[in-house]
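For reference, the structure is listed below as structure tokens.
Please treat every number below as a calculation from the coordinates, not as lab data. All values derive from a computational prediction rather than experimental measurement. Cβ coordinates were reconstructed from backbone atoms using ideal geometry, including for glycine residues, and neighbour counts include every protein chain displayed.
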Amino acid sequence: MSALRLSPAAASLALAALAAIAATPVHAARNNAPAAAVNIRMEPGESVPACVTPARLMAHVLERTPNLDPAFRDIARYYKQHGEALRVRWDYAFYQMLIETNYLSYKTGAGRWGDVNPRQNNFAGIGTTGGGVPGDSFKDVSTGVLGQIQHLVAYSGERVANPVAPRTVLKQDEIIEQSRRLKRPVRFSDLSRRWAVDWRYGTSIEYVAQRYRKANCTADGAPLHPSPDPREDKPQAPARKPVEEAAAQPRKPVRPAQDSASPMLADSRGTCGIWSASYGGEVSVLIRSMVGRTTNYTVLQVDVGAEDSQARAFINTHAVNGEMLARFPTKEAAFSRAFELCPRPS
């Protein structure tokens, strides 16, 4: 599924183009970059390195694609938004996108257009099968990024409730079955010969990751340079005031295992489900939505003062027609209320 697929070795062509830009022999780039042994999904509390921020990623892209289409100039923030909500390593999803689109140029190393038109907002070759097949199209940049993130969720072995990509709807059962055979967390390296036919696909992703880290990160993942957007380097502002609890005091213990669940991954066998998602804030809201006949309750961690806007953003993208039920000072309190409403989640 390469946006630049003109032959079965599309990902290799993209790597060759990137290596040429860096004045590095292709064979050296492949030999020095191991396959991307990074899990697709993040554990609760895990985050990408501090040196990876939307503004830094976009500066990295502009160094290689200075005539970037203005429609894509804010794309990195959508990777952060959707990746954090679905616990996907959004930095590596972004690097994957750079391979698939040749740094958002949508051209091969020879300067020819690939099978995907940039106006399709398809950033990962979803649905492209070669021979000029253009693949899936999405209404806007955010939805296109969400399609890739959701497709990665399926490759991680978990079902997506409302996929925006027709290819995910069509293939996720087959994808999930194959991924679960690994009997371990699925890594970006496992996408080789699956997402793309190239056996070096995972190595290509890791090569792009290494190039970014070399220019932007210290050995421990701290930023090497100030961000182009000074707001990214400011520490999180402390809570301005405590948020009043919007429900009764907890009457049931929190079930820690539920905190590791993914948001909006449906199981139609039950009547209700409890999920978690996070924008990285210190307070929580409880969101209710329906998938078929299943009622989902999502505990969403949000920033103080941004509860309504972040809840709306999550609902619009991940819980269509959902509603925010209440605000809570902690996620534990929100989970307790969720278990009151859904005592036996599926």
Item to check | Percent of C-alpha pairs per 10 Å bin, region 284-346, short to long | outcome: 24, 55, 21, 1
Item to check | Residue list for region 46-90, given a label point 7 angstrom along the Cα-to-Cβ vector of Asp220 and an amide N cut-off under 14 Å | outcome: 50-51
Checklist entry - How many nm separate the modelled label positions at Arg180 and Leu62, each set 7 Å beyond the Cα in the direction of the Cβ? => result 4.6 nm
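Can you give the net charge of the other residues whose Cβ lies under 15 Å from the Cβ of Thr218, counting K and R as +1 and D and E as -1?
Within the 15 Å Cβ shell, the charges total +1.
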Checklist entry - Under Stokes-Einstein, with the Kirkwood radius over Cα pairs standing in for Rh, what whole-number D in µm²/s applies to region 10-231 at 4 °C and 1.567 mPa s? => result 74 µm²/s
Checklist entry - Leaving out same-chain residues fewer than 8 places away, which aspartates and glutamates sit with a Cα under 18 Å from that of Lys331? => result Glu43, Glu46, Glu84, Glu244, Glu245, Asp259, Glu282, Asp303, Glu307, Asp308, Glu323, Glu340
Item to check | Label point at Asp229 placed 7 Å out along Cα→Cβ; residues across region 78-105 whose backbone nitrogen lies under 16 Å | outcome: 78-85, 90-91, 94
Checklist outcome for this item: The exposure ranking of Phe314, Phe72, fewest beta-carbon neighbours within 10 Å first, is Phe72, Phe314
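Using Cβ contacts closer than 10 Å as the measure, can you line up Val320, Val145, Val160 from fewest to most?
The most exposed by this proxy come first: Val320, Val160, Val145.
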Next on the checklist: Treating only the Cβ of Lys, Arg, Asp and Glu as charged (+1, +1, -1, -1), what charge dipole size does region 89-241 show about its Cα centre? Round to the nearest 20 debye.
Outcome noted: 220 debye
